[in-house]
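The values are calculated or read from the model by the stated rules, or taken from the named source; none is laboratory data. All figures in this text were calculated on a predicted structure; none of them were measured in a lab. Heads up, the Cβs are rebuilt from the backbone with ideal geometry, glycines too, and the neighbour counts pull from every protein chain shown. What goes into the accessible areas is simple: the full protein's heavy atoms, side chains included, and nothing from ligands, DNA or RNA. Shrake-Rupley method; radii C 1.70, N 1.55, O 1.52, S 1.80 Å.
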Amino acid sequence: MGKVVVVTGIPGVGKTTVLSELEKLASERGMRVKVVNFGTVMMELAKGAVPDRDQIRKMPLDFQRKLQRKAADKIAGEAEGVDVLIVDTHMFIRTRNGFWPGLPAGVLEKLSPSALVLVEASVKEVAERRAQDKTRSRDMVLEEEVKLELQASRSFATACSVLTGAPVKIVQNPAGGAREAAEELINLLRDIL
Ligand code: ATP
Ligand code: AMP
Ligand code: MG
(Lines give C-alpha, C1' and ligand atoms only; values in the text may rest on other atoms or scores of the structure.)
(Ligands and ions follow the chains in the order given, each with its own letter.)
Protein backbone atom coordinates (compact mmCIF):
# COMPACT_ATOMS: atom_id res chain seq x y z
CA MET A 1 0.00 0.00 0.00
CA GLY A 2 1.20 3.51 -0.82
CA LYS A 3 1.50 6.34 1.66
CA VAL A 4 -1.53 8.62 2.02
CA VAL A 5 -1.24 12.41 1.98
CA VAL A 6 -4.37 14.40 2.76
CA VAL A 7 -4.50 17.81 1.08
CA THR A 8 -6.97 20.32 2.48
CA GLY A 9 -7.80 24.00 2.36
CA ILE A 10 -10.86 26.21 2.33
CA PRO A 11 -13.08 26.28 -0.80
CA GLY A 12 -11.52 28.18 -3.70
CA VAL A 13 -8.00 28.27 -2.22
CA GLY A 14 -6.75 26.23 -5.19
CA LYS A 15 -6.29 22.62 -3.96
CA THR A 16 -7.49 21.01 -7.20
CA THR A 17 -5.45 23.44 -9.33
CA VAL A 18 -2.26 22.78 -7.35
CA LEU A 19 -2.86 19.02 -7.44
CA SER A 20 -3.27 18.99 -11.19
CA GLU A 21 0.16 20.67 -11.42
CA LEU A 22 1.47 18.08 -8.99
CA GLU A 23 0.22 15.23 -11.20
CA LYS A 24 2.19 16.68 -14.13
CA LEU A 25 5.35 17.10 -12.05
CA ALA A 26 5.04 13.61 -10.59
CA SER A 27 4.67 11.95 -13.98
CA GLU A 28 7.66 13.92 -15.36
CA ARG A 29 9.66 12.51 -12.45
CA GLY A 30 8.40 8.95 -12.71
CA MET A 31 6.63 8.97 -9.35
CA ARG A 32 3.54 6.79 -9.02
CA VAL A 33 1.22 9.41 -7.55
CA LYS A 34 -2.54 9.11 -7.67
CA VAL A 35 -4.85 11.99 -6.80
CA VAL A 36 -8.37 11.25 -5.60
CA ASN A 37 -10.96 13.96 -4.97
CA PHE A 38 -13.08 13.08 -1.91
CA GLY A 39 -16.07 15.11 -3.18
CA THR A 40 -15.98 13.31 -6.55
CA VAL A 41 -16.07 9.93 -4.80
CA MET A 42 -19.01 11.13 -2.68
CA MET A 43 -20.84 12.22 -5.85
CA GLU A 44 -20.27 8.79 -7.44
CA LEU A 45 -21.52 7.02 -4.32
CA ALA A 46 -24.59 9.30 -4.15
CA LYS A 47 -25.70 7.81 -7.51
CA GLY A 48 -27.71 10.81 -8.66
CA ALA A 49 -29.26 11.65 -5.27
CA VAL A 50 -27.41 15.00 -5.28
CA PRO A 51 -27.63 17.26 -8.37
CA ASP A 52 -24.09 18.65 -8.16
CA ARG A 53 -21.05 18.63 -5.87
CA ASP A 54 -21.87 22.02 -4.35
CA GLN A 55 -25.22 20.67 -3.12
CA ILE A 56 -23.72 17.87 -1.00
CA ARG A 57 -23.02 20.23 1.92
CA LYS A 58 -26.66 21.42 1.87
CA MET A 59 -28.00 17.89 2.46
CA PRO A 60 -29.04 16.58 5.92
CA LEU A 61 -26.01 15.79 8.05
CA ASP A 62 -26.90 12.12 8.44
CA PHE A 63 -26.89 11.71 4.67
CA GLN A 64 -23.51 13.45 4.41
CA ARG A 65 -22.09 11.37 7.22
CA LYS A 66 -23.02 8.08 5.54
CA LEU A 67 -21.55 9.23 2.23
CA GLN A 68 -18.41 10.44 3.99
CA ARG A 69 -17.89 7.06 5.65
CA LYS A 70 -18.42 5.14 2.39
CA ALA A 71 -16.12 7.49 0.49
CA ALA A 72 -13.37 7.07 3.10
CA ASP A 73 -13.64 3.25 2.78
CA LYS A 74 -13.43 3.41 -1.00
CA ILE A 75 -10.52 5.87 -1.00
CA ALA A 76 -8.54 3.87 1.56
CA GLY A 77 -8.53 0.95 -0.90
CA GLU A 78 -7.07 3.10 -3.67
CA ALA A 79 -3.64 3.37 -2.09
CA GLU A 80 -2.80 -0.06 -3.51
CA GLY A 81 -0.24 -0.12 -6.30
CA VAL A 82 0.88 3.51 -6.01
CA ASP A 83 3.72 5.23 -4.17
CA VAL A 84 1.51 8.00 -2.84
CA LEU A 85 -2.23 8.47 -2.77
CA ILE A 86 -3.20 12.12 -2.46
CA VAL A 87 -6.66 12.91 -1.17
CA ASP A 88 -8.08 16.30 -2.22
CA THR A 89 -10.50 17.21 0.55
CA HIS A 90 -11.47 19.61 3.36
CA MET A 91 -10.65 20.06 7.05
CA PHE A 92 -14.28 21.11 7.53
CA ILE A 93 -17.45 21.59 5.56
CA ARG A 94 -19.68 24.63 5.95
CA THR A 95 -23.04 22.87 6.52
CA ARG A 96 -26.43 24.24 7.62
CA ASN A 97 -25.55 22.98 11.11
CA GLY A 98 -22.19 24.76 11.22
CA PHE A 99 -18.60 23.74 10.54
CA TRP A 100 -18.54 19.93 10.31
CA PRO A 101 -15.27 17.93 10.22
CA GLY A 102 -14.20 16.55 6.87
CA LEU A 103 -11.76 14.34 8.74
CA PRO A 104 -13.41 13.04 11.94
CA ALA A 105 -11.56 10.33 13.90
CA GLY A 106 -13.20 7.43 12.02
CA VAL A 107 -12.23 8.85 8.62
CA LEU A 108 -8.67 9.53 9.75
CA GLU A 109 -8.42 5.98 11.01
CA LYS A 110 -9.47 4.59 7.63
CA LEU A 111 -7.15 6.88 5.65
CA SER A 112 -4.21 6.67 8.07
CA PRO A 113 -2.36 9.64 6.52
CA SER A 114 1.41 10.05 6.72
CA ALA A 115 1.13 13.79 6.18
CA LEU A 116 -1.50 16.51 6.29
CA VAL A 117 -1.29 19.51 3.99
CA LEU A 118 -3.11 22.80 4.39
CA VAL A 119 -3.17 24.95 1.25
CA GLU A 120 -3.57 28.65 1.98
CA ALA A 121 -3.83 31.96 0.11
CA SER A 122 -4.62 35.50 1.23
CA VAL A 123 -8.17 36.39 2.27
CA LYS A 124 -8.47 38.76 -0.69
CA GLU A 125 -7.22 36.15 -3.20
CA VAL A 126 -9.63 33.48 -1.96
CA ALA A 127 -12.61 35.87 -2.06
CA GLU A 128 -11.70 36.88 -5.63
CA ARG A 129 -11.20 33.28 -6.80
CA ARG A 130 -14.62 32.31 -5.44
CA ALA A 131 -16.27 35.28 -7.13
CA GLN A 132 -14.57 34.62 -10.48
CA ASP A 133 -14.94 30.83 -10.67
CA LYS A 134 -18.07 30.33 -12.76
CA THR A 135 -17.61 26.55 -12.96
CA ARG A 136 -18.90 26.11 -9.39
CA SER A 137 -21.81 27.23 -7.16
CA ARG A 138 -19.60 28.66 -4.47
CA ASP A 139 -20.85 30.13 -1.19
CA MET A 140 -20.18 33.85 -1.44
CA VAL A 141 -19.02 35.02 1.94
CA LEU A 142 -17.59 38.31 3.17
CA GLU A 143 -13.82 38.68 3.47
CA GLU A 144 -14.27 38.62 7.24
CA GLU A 145 -15.84 35.14 6.93
CA VAL A 146 -13.00 33.92 4.69
CA LYS A 147 -10.59 35.04 7.42
CA LEU A 148 -12.56 33.04 9.97
CA GLU A 149 -12.51 29.98 7.67
CA LEU A 150 -8.71 30.21 7.33
CA GLN A 151 -8.36 30.36 11.11
CA ALA A 152 -10.82 27.49 11.61
CA SER A 153 -8.93 25.32 9.10
CA ARG A 154 -5.75 25.62 11.17
CA SER A 155 -7.65 24.63 14.31
CA PHE A 156 -9.14 21.57 12.61
CA ALA A 157 -5.68 20.71 11.23
CA THR A 158 -4.25 20.78 14.77
CA ALA A 159 -6.87 18.30 15.92
CA CYS A 160 -6.14 15.96 12.97
CA SER A 161 -2.43 16.14 13.61
CA VAL A 162 -2.81 15.23 17.27
CA LEU A 163 -5.16 12.34 16.43
CA THR A 164 -2.91 10.84 13.75
CA GLY A 165 0.59 11.89 14.76
CA ALA A 166 1.01 13.19 11.18
CA PRO A 167 2.68 16.58 10.65
CA VAL A 168 0.84 19.52 9.09
CA LYS A 169 2.56 21.23 6.18
CA ILE A 170 1.18 24.66 5.25
CA VAL A 171 1.65 25.46 1.57
CA GLN A 172 0.93 28.93 0.21
CA ASN A 173 -0.78 29.22 -3.19
CA PRO A 174 -0.45 32.91 -4.16
CA ALA A 175 -1.65 34.36 -7.48
CA GLY A 176 0.11 32.59 -10.35
CA GLY A 177 1.94 30.35 -7.88
CA ALA A 178 0.20 26.98 -8.33
CA ARG A 179 3.25 25.33 -9.93
CA GLU A 180 5.58 26.50 -7.16
CA ALA A 181 3.10 25.22 -4.59
CA ALA A 182 3.09 21.85 -6.40
CA GLU A 183 6.90 21.80 -6.34
CA GLU A 184 6.82 22.30 -2.59
CA LEU A 185 4.45 19.35 -2.34
CA ILE A 186 6.69 17.15 -4.50
CA ASN A 187 9.53 17.78 -2.03
CA LEU A 188 7.25 16.70 0.80
CA LEU A 189 6.38 13.49 -1.08
CA ARG A 190 10.09 12.75 -1.60
CA ASP A 191 10.65 13.09 2.13
CA ILE A 192 7.90 10.71 3.13
CA LEU A 193 8.74 8.02 0.55
P1 ATP B 1 -12.91 23.56 -3.82
O2 ATP B 1 -12.57 23.21 -2.40
O3 ATP B 1 -14.17 24.32 -3.85
O4 ATP B 1 -12.87 22.38 -4.74
P5 ATP B 1 -10.25 24.32 -4.63
O6 ATP B 1 -9.46 24.63 -3.42
O7 ATP B 1 -10.06 23.00 -5.27
O8 ATP B 1 -11.79 24.59 -4.32
P9 ATP B 1 -9.71 25.37 -7.26
O10 ATP B 1 -10.96 24.92 -7.92
O11 ATP B 1 -8.46 24.64 -7.56
O12 ATP B 1 -9.94 25.48 -5.68
O13 ATP B 1 -9.42 26.91 -7.60
C14 ATP B 1 -10.42 27.91 -7.42
C15 ATP B 1 -10.21 28.98 -8.47
O16 ATP B 1 -9.00 29.67 -8.23
C17 ATP B 1 -10.13 28.44 -9.90
O18 ATP B 1 -10.79 29.33 -10.76
C19 ATP B 1 -8.63 28.43 -10.17
O20 ATP B 1 -8.33 28.60 -11.53
C21 ATP B 1 -8.15 29.63 -9.35
N22 ATP B 1 -6.76 29.47 -8.86
C23 ATP B 1 -6.26 28.42 -8.17
N24 ATP B 1 -4.96 28.61 -7.85
C25 ATP B 1 -4.63 29.80 -8.38
C26 ATP B 1 -3.42 30.56 -8.39
N27 ATP B 1 -2.28 30.15 -7.81
N28 ATP B 1 -3.42 31.77 -9.01
C29 ATP B 1 -4.57 32.22 -9.60
N30 ATP B 1 -5.74 31.55 -9.63
C31 ATP B 1 -5.77 30.36 -9.02
P1 AMP C 1 -14.75 19.89 -3.46
O2 AMP C 1 -14.82 19.67 -4.93
O3 AMP C 1 -13.44 19.60 -2.87
O4 AMP C 1 -15.28 21.24 -3.07
O5 AMP C 1 -15.74 18.83 -2.83
C6 AMP C 1 -17.14 18.90 -3.10
C7 AMP C 1 -17.93 18.65 -1.86
O8 AMP C 1 -17.67 17.33 -1.39
C9 AMP C 1 -17.65 19.55 -0.67
O10 AMP C 1 -18.26 20.81 -0.76
C11 AMP C 1 -18.24 18.71 0.45
O12 AMP C 1 -19.65 18.84 0.49
C13 AMP C 1 -17.89 17.28 0.00
N14 AMP C 1 -16.66 16.80 0.68
C15 AMP C 1 -15.40 16.82 0.23
N16 AMP C 1 -14.56 16.28 1.12
C17 AMP C 1 -15.33 15.89 2.18
C18 AMP C 1 -15.06 15.25 3.42
N19 AMP C 1 -13.84 14.87 3.79
N20 AMP C 1 -16.10 15.03 4.25
C21 AMP C 1 -17.33 15.37 3.92
N22 AMP C 1 -17.67 15.98 2.77
C23 AMP C 1 -16.67 16.23 1.89
MG1 MG D 1 -11.36 21.42 -5.66
Spin-label proximity, Ser27 to the range 76-105 - amide N less than 17 Å from point 7 Å beyond Cα toward beta carbon: 82-86
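May I ask for the longest run of the chain untouched by trypsin sites (Lys or Arg not before Pro) that are loop-located per DSSP and have at most 15 neighbouring C-beta atoms (other than their own) within 10 Å?
Free of exposed loop sites, the longest segment is 139-193.
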Among all the aspartates and glutamates, which ones have a C-alpha under 18 Å from Lys124's C-alpha, if same-chain residues fewer than 8 places away are not counted? Asp133, Asp139, Glu143, Glu144, Glu145, Glu149
Once neighbouring chains are kept in place and the probe is 1.4 Å, which whole percent of the accessible area of the range 1-151 is contributed by carbon and sulfur? 52
Each residue of the range 143-155 in turn: what ³J(HN,Hα) in whole Hz from Karplus with 6.51, -1.76, 1.60 and θ = phi - 60°, glycine and Pro shown as x? 4, 4, 5, 4, 4, 5, 4, 5, 5, 4, 5, 5, 5
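With an 8 Å cut-off on Cα pairs and a minimum separation of 6 or more residues, tell me the relative contact order of the chain in percent.
33
Compute the Kirkwood hydrodynamic radius of the chain, taking the inverse of the mean of 1/r over all pairs of distinct Cα atoms, and give it in Å to one decimal. Don't jump to the answer; show the numbers that get you there.
Details: mean 1/r = 0.0594 Å⁻¹.
Final number for the Kirkwood radius of the chain is 16.8 Å.
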With θ taken as phi - 60° and the coefficients 6.51, -1.76 and 1.60, list the Karplus ³J(HN,Hα) couplings across the range 60-76 in order, rounded to whole Hz; mark glycine and proline as x. x, 4, 4, 4, 4, 5, 5, 4, 4, 5, 5, 5, 4, 4, 5, 5, 4
Here the percent of antiparallel bridges among DSSP beta bridges lying wholly in the range 9-108, to the nearest 5, is 45
For the chain, the dipole about the Cα centre with charges only on Cβ (Lys and Arg +1, Asp and Glu -1), to the nearest 20 debye, works out at 540
Pick from Ala182, Ala49, Ala127 the residue whose mean-square fluctuation is largest in a GNM of the chain, springs joining Cα atoms under 10 Å. Ala49
To the nearest 20 Debye, how big is the dipole of the range 1-98 about its Cα centre, given +1 on the beta carbon of each Lys and Arg and -1 on that of each Asp and Glu? 400
222 nm mean residue ellipticity, helices alone, for the chain (DSSP H n ≥ 4; -39,500 (n - 2.57); rounded to 500): -15500 deg cm²/dmol
